[in-house]
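I have placed the structure first, in the form of structure tokens, so that the comments after it can refer back to it.
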Amino acid sequence: MKQTATFISTYSADTFGVCSALFELGGMVVMHDPSGCNSTYTTHDEPRWFDMDSQIYISGLTEMDAILGNDQRLIKDITETALLQKPAFICIVASQIPALIGCDLQAAARMVEKNTGIRTFCLPTNSMHYYALGVYLALEAMAKLIIKDYPRSAAATGKHKRINVLGLTPLDFSVNGCDKSICGWLEENGFSVISRWAMGSTLEELQDSHQADVNLVVSYGGLGAARVMEKEWGIPYVVGIPFGGMKKRLLQRLEPSCQEPSSICAYLPSTTTPHDSSLENRVLLIGESVFSCSLAAALEEEYRRPVQVICPVETEEALLRPGDMRATDETELEPLFSDASVLIADPLYRPICPSNVKFIELPHEGFSGRLYRKYIPNLMESFHDLKIDE
């Protein structure tokens, strides 16, 4: 019962992370599910749904399909739709039921590709993991597909300041202009943005990624694609988001990276006293690892107070700073919250925040969906409005 959510919500599922990452790229994404996943994704987690077209479909899995293993209907429906819509690629992902009954989506993908002549792949989702993993898997898969068309010899050469931004989706950055602010900041500092993976760029622009000299990874979701590009094209990557004092640190890392390959988190190490649970006036910040660690580093530099990050979704230890941690369940989070003086979190965490802890609302699209969307700040522009000492 440890994973039972009594008071707080849950984060967007891995299937939704896939849909979000691939939404603007002209492909077809098929969620193999009875029906509920698509309505939840489009109405709560996808702010672009009413502003642009995208081929996000549900398979309409029936009880008899599940019992009898009628994969032929799935293959037939995808094939017929793809021949009509002519997507750039097809991605098939599973929700809980297909994952539990062992649907062979790899075989289905091969059959669809044979029937349509359109590149088709599946990803190992099950709707039991969080969106961050789905974004990671989707962008990594797109990098592998693109690299097939642009081998190592096509990678960029020379000493230029061309850059890809990896890991941009509304689930972490909403649609408040933060993605444009990040790219605008890069351009102001002499960088030419080749592509944004995958918010604000077309598939054709992603296919030009091999021209870049360095990659900026702005979420865990972009890390897989960064590693593929580093291995195949020799493009180094830097991890971090330019909030507040992080801007200077990122520039220091990005400039040398254009000259000499290196892979590093720009927000490491911490700028203040190492984290210790016994420290007074400790600030807790809960959210996606790269976003939260970058913000925590900027807040520590601004206020000279220790800020500890709790990451509730998938990430890697290498993306966390010393003292930061992963925790998801209410039973893990409540004791941690009680030891803090300030908690910065999505408003839906308020029910488990002790009354004596100052609560600063920072809505997160991947957690509360559309509920607080209009209150999500663009911290690239309003970082100094996030005051933890008042």
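The values are calculated or read from the model by the stated rules, or taken from the named source; none is laboratory data. It should be emphasised that the depicted structure is a prediction, and the values quoted were computed from it without experimental measurement. Cβ placement follows ideal geometry from the backbone for every residue including glycine, while neighbour counts extend to all protein chains displayed.
Condition first: touching a strand residue (DSSP E or B) at 6+ places or on another chain (Cβ under 7 Å) and modelled with pLDDT of 85 or more. Now tell me which residues in the stretch 251-265 satisfy that. Give the steps one after another, and end with the answer.
Taking the stretch 251-265 first, the residues touching a strand residue (DSSP E or B) at 6+ places or on another chain (Cβ under 7 Å) are 253-254, 257-258, 263-265.
Passing the criteria: Arg253, Leu254, Cys265.
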Residue among Arg321, Arg304 that alone is out of contact with any strand residue (DSSP E or B) (no Cβ under 8 Å at 6 or more places or on another chain) and closer than 23 Å to Met380 by Cα: Arg304
Search result, residues across the stretch 219-232 that are buried (at least 23 other Cβ atoms within 10 Å of the Cβ) and not in a loop (DSSP other than H, G, I, E, B): Tyr220, Gly221, Gly222, Leu223, Gly224, Ala225, Ala226, Met229
Residues that are more than 27 Å from the chain's Cα centre (by Cα) and touching a residue at least 40 places away in the same chain (Cβ under 8 Å), drawn from the stretch 86-115: Asn115
Candidate set from the stretch 303-315 (those that are touching a residue at least 60 places away in the same chain (Cβ under 8 Å) and out of contact with any helix residue (DSSP H, G or I) (no Cβ under 7 Å at 6 or more places or on another chain)); member that is nearest to Asp172 (Cα to Cα): Pro312
Enumerated helices (runs of 4 or more DSSP H) restricted to the stretch 51-158, each holding at least 3 residues that are buried (at least 19 other Cβ atoms within 10 Å of the Cβ): 71-85, 105-116, 131-149
Residue within the stretch 328-344 that is among the hydroxyl-bearing types (Ser, Thr, Tyr), crowded, with 17+ Cβ neighbours inside 10 Å and within 30 Å of Thr42 (Cα to Cα) present: yes
Residue in the stretch 159-173 that is farthest from Ile286 (Cα to Cα), counting only those that are at pLDDT below 95 and in a loop (DSSP other than H, G, I, E, B): Lys159
Answer residue from the stretch 190-205, given it is in contact (Cβ under 8 Å) with a residue 40 or more places away in the chain and in contact with a helix residue (DSSP H, G or I) (Cβ under 6 Å, 6 or more places away or on another chain) and is farthest from Val228 (Cα to Cα) among those: Gly200
Criterion (modelled with pLDDT under 95 and under 19 Å from Ile182 (Cα atoms)) met by exactly one of Leu371, Leu386: Leu386
Meets criteria (modelled with pLDDT of 95 or more and either under 30 Å from Thr10 (Cα atoms) or assigned by TED's automatic domain parsing to the domain that holds Lys86 (or both)) for Cys103: no
Subset of the stretch 116-133 (residues that are polar (S, T, N, Q), free of Cβ contacts under 8 Å to residues at least 60 places away in the same chain and under 18 Å from Cys19 (Cα atoms)): Thr120
Residue within the stretch 56-63 that is touching a Gly at 6+ places or on another chain (Cβ under 8 Å) and not assigned by TED's automatic domain parsing to the domain that holds Gln207 present: no
Strands (runs of 3 or more DSSP E) (entirely within the stretch 294-384) containing at least 2 residues that are under 21 Å from the mean Cα position of the chain (by Cα): 307-311, 342-345
Tally, over the stretch 200-218, of residues that are small (Gly, Ala, Ser), part of a loop (DSSP other than H, G, I, E, B) and within 20 Å of Ser20 (Cβ to Cβ): 2
